[in-house]
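In what follows, a structure is listed as structure tokens, so that the remarks can point back to it.
The values are calculated or read from the model by the stated rules, or taken from the named source; none is laboratory data. Given the structure is predicted, the values throughout are model-derived calculations rather than measurements. Positions of Cβ are generated from backbone atoms using ideal geometry, with glycine treated the same way; all protein chains shown enter the neighbour counts. To get the accessible areas, we keep the full protein, side chains included, count just its heavy atoms, and leave off ligands, DNA and RNA. Shrake-Rupley method; radii C 1.70, N 1.55, O 1.52, S 1.80 Å.
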Amino acid sequence: SSGINAEYGGSDCFGGTSNQPLHTNDYTNIKISHVEGIKDHFLSVSWDDGHSGIVPISETGAYGNGYKRTPSSRYYDLSLRKNAVQTFWDTPTNEVIKRFEYSDVADDSDKLKEFLAHFMQYGLAFLFNTPQEPDDLLKILYNLKITPYWDNMFGILSKVSFQRDPTNQAFNNQRLAAHTDMPYYTQTPSAYFFHCVANELDGGESFWSDTFSAVKHIRDTEPDKYDLLTTILVPFRQYPKEWHMAGRYPTVELMGDDIYRVRDCCFVIDTYQFLRDYDAETRERWWQAYRTLRLLMEDPARTVQQKLGAGDLVLIDNWRVQHGRNAFSVGGAGGRRAMEVAYIEWSHVQNRLLKME
Amino acid sequence: MLGRLGASLNALSTRFSKNLQVRTNSTAQLTESGMLLDGRQLLHVETRNMCRCEKCLGKHSHTRPNLPFQGSNFPDVRAEEIGRVSDNFVSVRWSDGHEGLIARTFRGDYGPEPLASRVENLTDIIRRRNSEQIFWTGSNPEEQTKFWDWNWVVESSDNTREFLIHYIRYGIGFLTNIPLHLQMRDIVHDGLGIVRAIRKTVFAEVDLVRFQNNPTNAGYGTGGLPGHTDLAYYNQTPHVQFFHCLENTVDGGESFWVDAFSVIREMQETVPELVERLSDIPITFRYTPPGTGVFHLTNHPVVQFDKLNGDIHQVIDHPWSMDTAMFARTHPLETRIKWWEAYLHYRSLIEDGSRTYTRFLRGGEFVVLDNWRVYHGRKEFTWKEGQERVVATSYMDWNHMASRIMSTEVGDHVFLEIDQH
């Protein structure tokens, strides 16, 4: 290795090509026997097992052999979903609805990172002037290098358009209240790209609202209800033909004190199972708390609403921002409403934000 | 569609026209807060949300096309009248004018056999309840290490289910006699019938683990790998893991597995305070191989419990991806001292040879692993020209496994029997 370990005398402990320790022995009783001194980002140390090596004393030194530029701390904190760097919104400000030009972010890695950082900050980000043909979404993801995407019960690419006998209510033409997708998955998808291929029918406006803002409001004003939303496990179930997806989760999940993830899709709450999991008194209190949340989520003043046009693409934090649509007309003189959706897990979005080129 | 809906609604009206008065009986009766149904108290809003008529529940989706409990409808909606009571349903009229029916039984709520009985009998298994799992001890090695014949497993859906249930109980399942030409997708999709299953990761859809010079991952070297779980640095660590041994002609390199849940259960009984530390204190895992453009990191506690019932739910432990430097920056010394005490005790039990099943995998053998429960590792091996050790690995979401067990077969009738009400 020509990296820093070569300069300091070898790479017995740390793989130069993997950035992983080469040994994971039991060092329980080991002690430092001698400290040589500091050079640059490292401290030279000897241990009583006879080994001499280097210990990083900075983040630059800790991230592997050689000097490696670390990602900005803001990007780092955003990628870990820390509330301190997120902006909760209860009204659609200009920043929330800011639009990014697709060719800008596709051609410039720094601008793409800015786009992703914006998404992680607000839970929502808009691209315009993307390719508009069916299946173009996968090409877009490939061009942005945000892969791999997540195969799920709806396939790699979910095509959302009107069906006469819909296997999912997204495929009818009725209003869909605000919700998050696939809450019944053990690992509910963290983000998805919502791509408008065509939107020529009357109605069908899309809308989004920030659950974190609503949850914070409840935490600040009605802590008892907040406790219920974070502790009561809500069963979800989706069982169209040949599938049976089920799971139980709290509406709001925390990471330490941070609001981390929300699961809320009223169409698939398994009330029948809920009766068996909790007594009536607990459930009644939960329904009261849930109603409080739903009233906030369905308040038009807290909602971004847009009629997407062909080539518009929205990146949505499915653990935070709920989405829905207004009813739309079908059976008229022509026209269609065609949306395509691809899901992606958080680690792959994070990777694109943090990776060094 | 409207014609059928109209016919259904007319039929429902008929069920009420003969019962204008509120029915009170031991099966179903209205109460101030809702309804007492078969001894179980339901709230008004719950009854309205449980309506199974075709207007409220999509016949093909089994989800609600409308939203009976949007904020504007809640909490005012009330069940006002009970109508006909049949074996599986109860007719109800609500204060919003809607007439429908709610289920009394699993069969009514989920659909006809066999789905209803699977839901009733297998729910706890697919939820990985510890009460349904069998933690490894020295007394049952034959059962947990049993090799299932591929041809028998894929012969019928029931056989496949039996194998998958065995896998859930033990956290591991071994298959043998897999034809050598079959690849991962052939085995998982076509053979086991788990569609849209394989989850792509930073290691692509199928990772061929074989020796590389200058390995970008410890798995591609020849060194031993202590027991671990995979992809700890992922925000959502994959749950189900497949190992397909394609070829193994090296010296050494035996695979081994350890049931972490049995270790945690022992620690809960002997040193519960140490378990608490492992579940309370998150640590950082990181994977950033240089020059690859890969940058993954996240925080997890090593042990996680089910919030509802306290079951052991998941372990995440990948020693050589631990970001010890970051741990030292983010946690005070006192916390780290306690954590290391707990972790080293835990690792001493994981690495206790008496808990380990070891096997030299042969070409054509296949392992299904619960990556949230069972550790895997390998002993070091020597590689010479002409030798090979190639193991294909893939990952899958738990729900697709559970769906394979619970779902009906292609062509089975799953629609509700409300016409018989």
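Assorted remarks:
- Computed [θ] at 222 nm, helices only, for chain B once each DSSP H run of length n ≥ 4 contributes -39500 (n - 2.57): -8000 deg cm²/dmol
- Take the range B:230-328 with all the other protein chains still there, run a 1.4 Å probe, and you get 28 Å² of accessible area per residue.
- The lysines whose alpha-carbon is closer than 22 Å to the alpha-carbon of B:Lys379, local same-chain residues fewer than 8 away aside, are B:Lys146.
- For the range B:130-136, the Karplus equation 6.51 cos²θ - 1.76 cosθ + 1.60, evaluated at θ = phi - 60°, returns couplings of 4, 5, 9, 8, 10, 6, 5 Hz by residue, with Gly and Pro reported as x.
- Taken residue by residue and averaged, Cβ atoms of other chains lying within 10 Å of the Cβ of A:268-280 number 6.
- The local environment of B:Phe147, defined by Cβ-Cβ distances under 11 Å, has a net charge of 0 under the rule Lys, Arg +1 and Asp, Glu -1.
- Buried on assembly, the range B:226-246 (at least 20 Å² less accessible surface than by itself, 1.4 Å probe): B:Pro226, B:Tyr234, B:Asn235, B:Gln236
- Legend: mean number of C-beta atoms from other chains within 10 angstrom of residue C-beta atoms, peptide A:181-189, equals 4.
- Carbon and sulfur %, accessible surface of the protein assembly as shown computed with the full protein complex present, 1.4 Å: 48
- Relative packing of B:294-306, A:107-119, which averages over residues the other C-beta atoms within 10 Å, highest first: B:294-306, A:107-119
- Inter-chain shielding of B:204-215 (mean C-beta neighbours from other protein chains, 10 Å cut-off): 1
- Peptides B:242-250, A:153-161 ordered by packing proxy, namely the average of other Cβ atoms within 10 Å per residue, highest first: B:242-250, A:153-161.
- Averaged over its residues, the range B:74-186 has an accessible area of 41 Å² per residue, based on protein heavy atoms and a 1.4 Å probe.
- Scanning chain B for cysteines with no neighbouring cysteine C-beta under 4.7 angstrom from their C-beta gives B:Cys53, B:Cys245.
- Where only DSSP H runs of four or more residues are counted, chain A gives -8000 deg cm²/dmol as its mean residue ellipticity at 222 nm, each run worth -39500 (n - 2.57).
- Over 21 Å apart at the Cα level, from the set A:Lys111/B:Lys200; B:Lys59/B:Lys200; A:Lys307/B:Lys55; A:Lys225/B:Lys307; A:Lys111/A:Lys145, are A:Lys111/B:Lys200; B:Lys59/B:Lys200; A:Lys307/B:Lys55.
- Interface size A-B, as summed buried accessible area [1.4 Å probe, Å², nearest 100]: 8000
- Reduction of at least 50 Å² in accessible surface, 1.4 Å probe, comparing all protein chains with the chain by itself, residues of the range A:150-167: A:Asp151, A:Asp165
- Ordering of B:379-388, A:188-197 by burial proxy (mean other Cβ atoms within 10 Å per residue, highest first): A:188-197, B:379-388
- Between helix A:211-221 and chain A: long-axis angle, C-alpha atoms, 0 to 90°, nearest 10: 90
- On Cα atoms only, tilt of A:109-122 relative to the major axis of chain A in degrees: 60
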